[in-house]
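First the structure, in the form of structure tokens, and then the observations on it.
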Amino acid sequence: DVKVTQSSRYLVKRTGEKVFLECVQDMDHENMFWYRQDPGLGLRLIYFSYDVKMKEKGDIPEGYSVSREKKERFSLILESASTNQTSMYLCASDGGEPEAFFGQGTRLTVV
Amino acid sequence: EDKVVQSPLSLVVHEGDTVTLNCSYEVTNFRSLLWYKQEKKAPTFLFMLTSSGIEKKSGRLSSILDKKELFSILNITATQTGDSAIYLCAGSLNTDKLIFGTGTRLQVFP
């Protein structure tokens, strides 16, 4: 079974803090994605990566950056957290097929 | 702009009812249409539809795609409380991106 693991289930951070969300997949997938999920807005793509050190902006990249130094790991970075980044963050990966496998999600609250 | 729209946004039914969830899409470089079920945590994959008019079934769930009219439906027959979840529809692009709809929240009461 594909496993996508997000490092934290719940996080509470203060405004202005730098926040790292980590995601690891164990199936040698090329593609990895970060989404945020908000009520009424569905899942929106923040960034994705199709190879090590490669990244592309999704629909809402502002305020975020990403890092993919190893194939299995894709990190989402909030350089200076703000309250409007309070959300559920979901990581996903796929091996080139449309079906994506999701992590359990990280519920981030910025106070 | 690529767009996926789901309706209704929310649905409340009693056990045993049959429900139909709708998904329409306007997606360039369309590859396939996917349905996911999200309970409390990670969305889990239900169906991938690539060809028009071919129904996919899994137990009480079934889905079909109409590539001419650009929509898909997800049917759930004889609903159970365990079907309560958010159902997500996504359009898959040739660029490997997924465009998600807002989801339909289904609540099934005994």
Restricting attention to the stretch A:25-69, the residues that are of a type outside the set (Gly, Ala, Ser), more than 14 Å from chain B (Cβ to nearest Cβ) and not in a loop (DSSP other than H, G, I, E, B) number exactly 4
Go through the stretch B:49-68 and count every residue that is part of a strand (DSSP E or B), away from chain A (no Cβ under 14 Å) and without any contact (Cβ under 8 Å) to a residue 12 or more places away in the chain. 1
Any hit, the stretch A:86-105, residues being more than 17 Å from B:LYS97 (Cα to Cα), in contact with a helix residue (DSSP H, G or I) (Cβ under 9 Å, 6 or more places away or on another chain) and touching a residue at least 60 places away in the same chain (Cβ under 8 Å): no
Of the residues in the stretch B:56-68, those that are under 14 Å from B:SER32 (Cα atoms) and exposed (fewer than 15 other Cβ atoms within 10 Å of the Cβ) come to B:ASP66, B:LYS68
Residue among A:LEU90, A:LEU78 that is touching a strand residue (DSSP E or B) at 6+ places or on another chain (Cβ under 8 Å), more than 10 Å from chain B (Cβ to nearest Cβ) and buried (at least 16 other Cβ atoms within 10 Å of the Cβ): A:LEU78
Restricting attention to the stretch A:2-18, does a residue exist that is of a type in the set (Asp, Glu) and either under 30 Å from B:SER10 (Cβ atoms) or touching a Phe, Trp or Tyr at 6+ places or on another chain (Cβ under 9 Å) (or both)? no
If you go through the stretch B:82-110, how many residues are farther than 18 Å from B:LYS41 by Cβ, more than 14 Å from chain A (Cβ to nearest Cβ) and open to solvent by 30 Å² or more (accessible area, probe 1.4 Å)? 2
Among the residues of the stretch A:47-74, which ones are surrounded by fewer than 20 Cβ atoms within 10 Å (Cβ to Cβ) and either touching a His at 6+ places or on another chain (Cβ under 6 Å) or polar (S, T, N, Q) (or both)? A:SER65, A:SER67
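State yes or no: is A:VAL19 β-branched (Val, Ile, Thr), more than 14 Å from chain B (Cβ to nearest Cβ) and more than 11 Å from the chain's Cα centre (by Cα)? Break it down into steps so the answer makes sense when it comes.
Details: β-branched (Val, Ile, Thr): yes; more than 14 Å from chain B (Cβ to nearest Cβ): yes; more than 11 Å from the chain's Cα centre (by Cα): yes.
When the stated conditions are applied, A:VAL19 passes them.
Take the residues in the stretch A:93-109 that are among the hydrophobic types (A, V, I, L, M, F, W, C) and open to solvent by 10 Å² or more (accessible area, probe 1.4 Å); name whichever of them is nearest to A:TRP34 (Cα to Cα). Can you show your working first?
Within the stretch A:93-109, the subset among the hydrophobic types (A, V, I, L, M, F, W, C) is A:100-102, A:108.
Now drop any that are not open to solvent by 10 Å² or more (accessible area, probe 1.4 Å), which leaves A:101-102.
Numbers: A:PHE101: 12, A:PHE102: 10 Å.
Going through the qualifying residues, I end up with A:PHE102.
Could you list all residues from the stretch A:7-66 that are touching a residue at least 24 places away in the same chain (Cβ under 8 Å), in contact with a Leu (Cβ under 9 Å, 6 or more places away or on another chain) and under 20 Å from B:TRP35 (Cα atoms)? Before the answer, list the steps.
So in the stretch A:7-66, the residues touching a residue at least 24 places away in the same chain (Cβ under 8 Å) come out as A:7-38, A:43, A:46-47, A:49, A:58, A:60, A:64, A:66.
Of the ones still in play, those that are also in contact with a Leu (Cβ under 9 Å, 6 or more places away or on another chain) are A:7-8, A:10-13, A:17-23, A:33-37, A:43, A:46-47, A:58, A:60, A:64, A:66.
A:PHE33, A:TRP34, A:TYR35, A:ARG36, A:GLN37, A:LEU43 - these are the residues of the stretch A:7-66 that are touching a residue at least 24 places away in the same chain (Cβ under 8 Å), in contact with a Leu (Cβ under 9 Å, 6 or more places away or on another chain) and under 20 Å from B:TRP35 (Cα atoms).
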Being more than 13 Å from chain A (Cβ to nearest Cβ), open to solvent by less than 60 Å² (accessible area, probe 1.4 Å) and not polar (S, T, N, Q): is that true of B:LEU74 here? yes
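Would you please name the residue that is surrounded by the most Cβ atoms within 10 Å (Cβ to Cβ), looking only at residues in the stretch B:27-48 that are among the aliphatic types (A, V, I, L, M), at the interface with chain A (Cβ under 8 Å from one of its Cβ atoms) and assigned to a strand (DSSP E or B)? So that I can check it myself, show each step before the final result.
Pass one, the stretch B:27-48, residues among the aliphatic types (A, V, I, L, M): B:27, B:33-34, B:42, B:46, B:48.
Still in the list and also at the interface with chain A (Cβ under 8 Å from one of its Cβ atoms): B:34, B:42, B:48.
From what's left, assigned to a strand (DSSP E or B): B:34, B:48.
On the way: B:LEU34: 25, B:MET48: 18.
Result: B:LEU34.
The values are calculated or read from the model by the stated rules, or taken from the named source; none is laboratory data. Note that the coordinates shown come from a computational prediction; the quantities given were computed from them, not determined experimentally. Neighbour counts are summed over all protein chains in view; Cβ atoms, including those assigned to glycine, are modelled from backbone coordinates with ideal geometry. SASA here: full protein model, heavy atoms, side chains in, ligands and nucleic acids out. Shrake-Rupley method; radii C 1.70, N 1.55, O 1.52, S 1.80 Å.
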